[in-house]
Amino acid sequence: MTARRTRDEGRVSLFLAVTMLGVLMIIGVAYDGAGQLRTLQRADDLAAEAARSGGQVIDRAAAIEGRPKVIDESGARAAVAQYLGDNADVTGYRVTFPVVADEKQITVRVTVVYRRHMLGLFGMDRTVTVSGTATARALTDRP
C-alpha cells in the first residue's frame, strides 16, 4: 500500500505563523511590562531608603546646642553614596537639598536600567532607563 501525499503536508499556514507572532508579542509586552514596572518600584524603594539614610545624618553640634535639627549635607551625601554603592542595579543618582517651609530636606533621584528579555527580540530597545525619586526630612521637635 502506498500512502497518498496531500499538497499542504509539512507546511505551516500563513495564518498560524502570523497569529503565533502576535501571541508572542502580547506575551512579550506583558512580561517585559511587568518587569519594567518592578524595576520602577525598585528604583522608588532605593530612592526612599537612600533619602532616609541621608536624612538621618544631622548636624550634631547644632542639635546638642538645642538648635533645630538640620541635615548635614556632606554627611548625608556620604550616607547616600554608601547605601547606593551596595546596590549593583543603580546606574546613577542625584542628591539635592531643597528648603521647604524653612526646613532643609533631602531629595534623592535614582536611575536604574531594565533589560528587556522578549521585546528586544522584536526590534525594540534592549534596555529601558527608569528613575525613582524620594524626599526625606530630619525629625524636628516642631509640631
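Read the figures in this text as sums done on the coordinates, not as results from a lab. In this text the structure is predicted, and so the values were computed from the model without any measurement. Here the Cβ positions follow ideal geometry from the backbone for every residue, glycine too, while neighbour counts run over all protein chains shown.
Do the conditions hold for Tyr83, that is, is it surrounded by 14 or more Cβ atoms within 10 Å (Cβ to Cβ), in a strand (DSSP E or B), in contact (Cβ under 8 Å) with a residue 12 or more places away in the chain and not acidic (Asp, Glu)? The answer is no for Tyr83. Taking residues in region 90-109 that are closer than 15 Å to Gln56 by Cα and touching a residue at least 24 places away in the same chain (Cβ under 8 Å), and partners anywhere that are among the charged types (D, E, K, R) and assigned to a strand (DSSP E or B), the pairs with Cβ atoms closer than 7 Å and at least 6 places apart or on different chains are Phe97/Lys104; Glu103/Arg137; Gln105/Arg137.
Restricting attention to region 17-58, the residues being farther than 16 Å from Met124 by Cα and either touching a Lys or Arg at 6+ places or on another chain (Cβ under 6 Å) or not aliphatic (A, V, I, L, M) (or both) number 14. Kindly indicate whether any position in region 39-58 is among the aliphatic types (A, V, I, L, M), closer than 12 Å to Gly132 by Cα and in contact with a helix residue (DSSP H, G or I) (Cβ under 6 Å, 6 or more places away or on another chain). Yes - at least one qualifying residue is present in region 39-58.
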